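Here's the structure we're looking at; comments come further down.
The values are calculated or read from the model by the stated rules, or taken from the named source; none is laboratory data. None of these values were measured; they are calculated from a predicted model. Backbone-built Cβ (ideal geometry, glycine too); neighbour counts: all protein chains shown. In case anyone asks, the SASA skips ligands and DNA or RNA and just uses the protein heavy atoms, side chains included. Shrake-Rupley method; radii C 1.70, N 1.55, O 1.52, S 1.80 Å.
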Amino acid sequence: MLKKLYERLILRFPIAVLAVLFVIVGILSVQALKLEVDASSETLLLEDDTDLLFMREVSTRYPSSLDMLIISFAPKNDLFAPETLRFLDEISQELKKVERVDSVTNILDVPLLENGSSAIKELVNDVTTLRSPYVNLQKAREELLTSPIYSENIVSKDLKTTAIIVMLKADETYARLLDKRNSAREKAVTDTAAKQEFRLASEEFKNYRDELRIKERQTIDDIRTILKSYENEGALFLGGVNMIAVDMITFVKSDLVYFGAILFVLLALTLWVIFRQIRYVILPLLICTISIISTAGILGFFGWEVTVISSNFVALQLILTISIVLHLIVRYRELASKYPKVAQKELVLLVMLSKINPSFFAVFTTIIGFLSLMLANIKPIINLGWMMASGITMSLVIAFTAFPAILVILPKKKLYVKFEKEFAFSSYCAKIVDKHGFFIIFAAICMVIFAIVGIQKLRVENSFINYFKSSTQIYQGMKNIDQNLGGTTPMDLVVEFKTDASVNEEEDDFEKEFTEDKNDPKYWFTPKVTNTALRVHDYFENNEFIGKVQSLGTLLKVGERLNNGKELDSFELALIYTNLPESYKNMILSPYINIEHNELRFTMRLIDSDPNLNRNELIQKANEELKDIITPDIGTYRLSGAMVLYNNMLQSLFKSQILTLGTVAVLFLVIFIPLFGSLKASLIAIASNLIPMGAVFGFMGFVGIPLDMMTITIAAISIGIGVDDVIHYIHRFKEELRLSGGDYTKAMYNSHNSIGYAMYYTTIATALGFGVLVFSNFMPTIYFGVLTVAVMIMVFFGAIILLPKLLLIFKPFKY
């Protein structure tokens, strides 16, 4: 049937076929313009994560760290110099003019509790700040330097750096539409009729989110413009979760365009060096281009968005498409050299029929490898699986349509074979296989040991600061905040007291005069509450990987300093809570207690730049050790925040990928047995793929490249790419074995001198192309490029050296 399709349609009416193909691609190119990039924090979270639901619930009761930006400022002059203080006031007024900014806080605005009267009652009624005319600057300097509230939070230990806190306006519409979409999604799981409601809610949310994203980008740009205008005053750096999301979108878009173009140029140069004929440069690049445009059009049509995780789908499809086309080109050149008198039409038909079987199964197994990503419970990972599955399918269809239709139009031309003769690397590999069997097996055993040891050193981590090169502004700003102002990655602990834990506990005579009401501050600040606040605060503060900790415990420590070493009692705490001006209470108290919900909240920031930080271990250890502080008779507790959510995502992804690799290996075995007609050959094929892939992961373990949301997908990618060469080689080896009458050595040499060139060229082209990714400013892109090159090189050697040697040793085929 396929032969008839080529004879009666594609090879008979090639121009008409190409015209239809280009019309379809033109239509899809319009849809491709709708393809969008989404690097929001939501794309990096588990959809059904209960911790996500909890964080959203908590954010309705407390200020969200996601709405906060931090500007670190290291002035040229002394921090308390009049000109520095004037600058802080001036820049704060400028920042307040930015549309989405809700408030700006700097050292001029914070309450100086130790600067005025030490009497609590007088203190709350007359709060001193650096703006106060009677402020004592020396006492203010001492308080900011040593106060548990401000030290390493709003000022650095050396008083050379200060923070300007910018709170963005909470978007109630966004929160409402998000809740509406999530509720509709839950209904749609069990109610088919609700799927339309979910679709409409999703579309409404997405449209508003896209509008909001433009505003967020503009906000960050406006703030950076203000900072740039004041750069002569000192070193100014911007940090915050919103900024990271906006910058990640910028880096992803930049890499897609810039490195996509460079990849094409390098591939063109490589193809020219190899073939020295323009048709073999334009043809593969044309097929790659229309394949990528078509895939982008499909993604745009279905509304799939490019995220940080799936941002390299263009590069991946480029690898897989160029591999398909190079195998066709090498096969055509081989047959054209062997049968110089055969007509072009017959030659093209022979090429297509001889390559459809191995190409189809190579693509099919690659699709299985990528679809394994769907076992992850993370939408961007799932979408990457769908993207690549649809993309490689599109590449196969277009390659097997456009390649013969274009080639049959072109006249036969004398082949340039100088490169093959002068750089006969595959022939050299064949000699190694034949003459150095012991060395190959020894090297394979060493790789297995290397992989086992190295994989045990792998860490599952997600450090945002290390996503950017140290030379970039975003890295320098985050590191400055990380090391001088109490850390970057936010994490919270919420403690909910039992009803009887915070009321009527050891009440004194004064308290008993009042009506017992658990929502009355007079009865809420009991010893059990304050003791718990202090013990938990100290627990986190003593952790070397946690920077600044803020909680009720912070105020209690300050209160003790104010109270001549005596702890604040319930009455004094209630007095502060009730009488402190709202603006100051929102800074030092309201973010950490919620009397209505009977809760304490502890906020902290992790030292993200600490290379010894193990986030999962820190969370597990905290959950276990806090049991001794917050016992069941006191209440319950739960960690929350961005760090917890990202860690959940990584741990889930890691577990799913381990399960996935085993599942994919079994599926490949099931496919290989009927494809190769031998269980022994199938096991050899899988071993030849897994051993070099394991060596890549071992390398990651030894050099300290962590498994994060980008690099962890390399497993599915490498097994999907690596299996292509194995299938093509064994398919050709069986054919050569039949032609040689069962001579394994001769079949091996002939296979290397035919299919070996296609494997060799594909590896050269993709390795050179992806090597340029090391120049990106986005570290995930660099890791992706380095690891992809490593995978391509290792699986190539696995297929060109280890695989044929194992075939020669075990002789799985009988002739």
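At a glance:
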{"read-out": "Most to least packed among 736-745, 249-258 [average Cβ atoms within 10 Å]", "value": "249-258, 736-745"}
{"read-out": "Cα-based shape type of the chain, given that a ≥ b ≥ c are square roots of the gyration tensor eigenvalues and the cut on a/c is 1.5", "value": "prolate"}
{"read-out": "Chain lengthening between Val703 and Lys413 when straightened (0.36 nm per residue, less Cα-Cα)", "value": "99.5 nm"}
{"read-out": "Over the stretch 68-223, relative contact order from alpha-carbon pairs under 8 Å, at least 6 apart, %", "value": "28"}
{"read-out": "Kyte-Doolittle at least 1.0, axis length at least 18 Å by Cα - qualifying DSSP helices, the chain", "value": "14-32, 241-275, 279-302, 313-338, 344-371, 379-409, 437-455, 642-672, 679-703, 779-797"}
{"read-out": "Net charge of neighbours whose Cβ lies under 13 Å from the Cβ of Leu11, counting Lys and Arg as +1 and Asp and Glu as -1", "value": "+3"}
{"read-out": "Gain upon complete extension [Leu159, Phe22; 0.36 nm per residue less C-alpha separation]", "value": "42.8 nm"}
{"read-out": "Heavy-atom accessible area per residue - the stretch 453-502, 1.4 Å, Å²", "value": "38"}
{"read-out": "Pair Phe360, Lys498: separation of 7 Å Cα→Cβ label points (nm)", "value": "6.8"}
{"read-out": "Length-normalised contact order for the stretch 157-208 - Cα pairs under 8 Å, 6+ apart - percent", "value": "33"}
{"read-out": "Extended-chain gain in nm, criterion 0.36 nm per residue less alpha-carbon gap, Asn612 and Ser229", "value": "134.1 nm"}
{"read-out": "Spacing of the two label points (7 Å from each Cα toward its C-beta) at Lys34 and Lys215, in nm", "value": "2.5"}
{"read-out": "Rounded to the nearest 20 debye, dipole of the stretch 247-335 from Cβ charges on Lys, Arg, Asp, Glu", "value": "440"}
{"read-out": "Using a Förster distance of 35 Å, the FRET efficiency for Thr578-Asp78 (Cβ separation, nearest 0.05)", "value": "0.40"}
{"read-out": "Relative contact order computed over the chain (Cα-Cα under 8 Å; 6+ residues apart), in percent", "value": "19"}
{"read-out": "Percent carbon-and-sulfur accessible area, the chain, ignoring ligands, DNA and RNA, probe 1.4 Å", "value": "59"}
{"read-out": "Restricting the stretch 301-354 to trypsin sites (Lys or Arg not before Pro) in coil, as DSSP defines it, with at most 15 other Cβ within 10 Å", "value": "Lys341"}
{"read-out": "Phe810-Leu768 FRET efficiency (beta carbon distance; Förster radius 35 Å; 0.05 resolution)", "value": "0.50"}
{"read-out": "Ranked packing of 674-682, 557-565, most packed first, by mean Cβ within 10 Å", "value": "674-682, 557-565"}
{"read-out": "Dipole in debye (nearest 20) - the stretch 588-726, about Cα centre, beta carbon charges: Lys, Arg +1; Asp, Glu -1", "value": "300"}
{"read-out": "The stretch 185-343: Lys pairs at Cα distance under 18 angstrom, eight or more positions apart or on different chains", "value": "4"}
{"read-out": "Average accessible surface area per residue within the stretch 601-677, 1.4 Å rolling probe, Å²", "value": "42"}
{"read-out": "Förster radius 51 Å - calculated FRET efficiency between Asp628 and Glu172, Cβ distance, rounded to 0.05", "value": "0.80"}
